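Computed from the coordinates by the stated procedures, all read-outs in this text should not be read as laboratory data. Keep in mind the model is a prediction, meaning the values are calculated, not measured. When we count neighbours, we look across all protein chains shown, and the Cβ atoms used for this are built from the backbone with ideal geometry, even at glycine.
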């Protein structure tokens, strides 16, 4: 089982618990838009599934349309160069909310859950997954909605984002990725679609997550998570 598979199972532990809070979020935000499907080539019910891409054999190349039929010709096409991975994301800009939040790399807690930055003015990019701007898969950025000691977090107003709002991700190399919101969903924490969100497969997506809904002062957690789904602005 790879690290992403482990994380997709365990990451919910961190997202199930809100920060110690002083604020009360009202009723969950209404759902809007259509969630872009993350089509996978593995059975999501099998956490140990892996995809192995085997290159075609010489016989298969010879039998492809347009392949050389002269047995004396020993020329094979050059493999396509692997795309250069995006530079790590370093700042999240949400123009409609007036948010400019530093992004820090996060992984897994010792307990197996996704790390969430303690500084609620920052957000965390799940570096064990895919980076925003990768050719496929879903990049995940999460942060606390608020804190009893620190007040409202960078993602406090995430529940108010709407379809067609802009999301900008500034990268370490100075490039800026532009994204467009296509959907907002609120899920009870126990029903967060972890396997659909934490995936390397499907078209590029960016997901933003924070807490939402009623706050339970005894359990010290919110009831829900609000999730923003975005796609490349030029998609």
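Its convex hull of Cα atoms gives the stretch 104-165 a direction-averaged projected area, equal to a quarter of the hull surface, of 5.4 nm². Pop the C-beta distance of residue 149 and residue 173 into the FRET formula with R0 = 35 Å and round what comes out to the nearest 0.05. E between residue 149 and residue 173, to the nearest 0.05, is 0.50. Length available on full extension from residue 190 to residue 105: 0.36 nm per residue minus the Cα-Cα distance, which gives 28.1 nm. Remark: the residue 91-residue 31 segment gains 19.0 nm on full extension, using 0.36 nm per residue and subtracting the alpha carbon distance.
When the convex hull of its Cα atoms is viewed from all sides, the stretch 167-231 shows a mean projected area of 5.7 nm². Go ahead and run the numbers for FRET between residue 78 and residue 180, Cβ-Cβ distance against an R0 of 30 Å, rounding to 0.05. With a Förster radius of 30 Å, E is 0.25.
Taking the number of Cβ atoms within 10 Å of each Cβ as an exposure proxy, the fewest-first ranking of 90, 200 is 90, 200.
What do you get for Rg/Rh over the stretch 117-212 if you use C-alpha atoms and the Kirkwood form of Rh?
Across the stretch 117-212, the Cα-based Rg/Rh ratio is 0.95.
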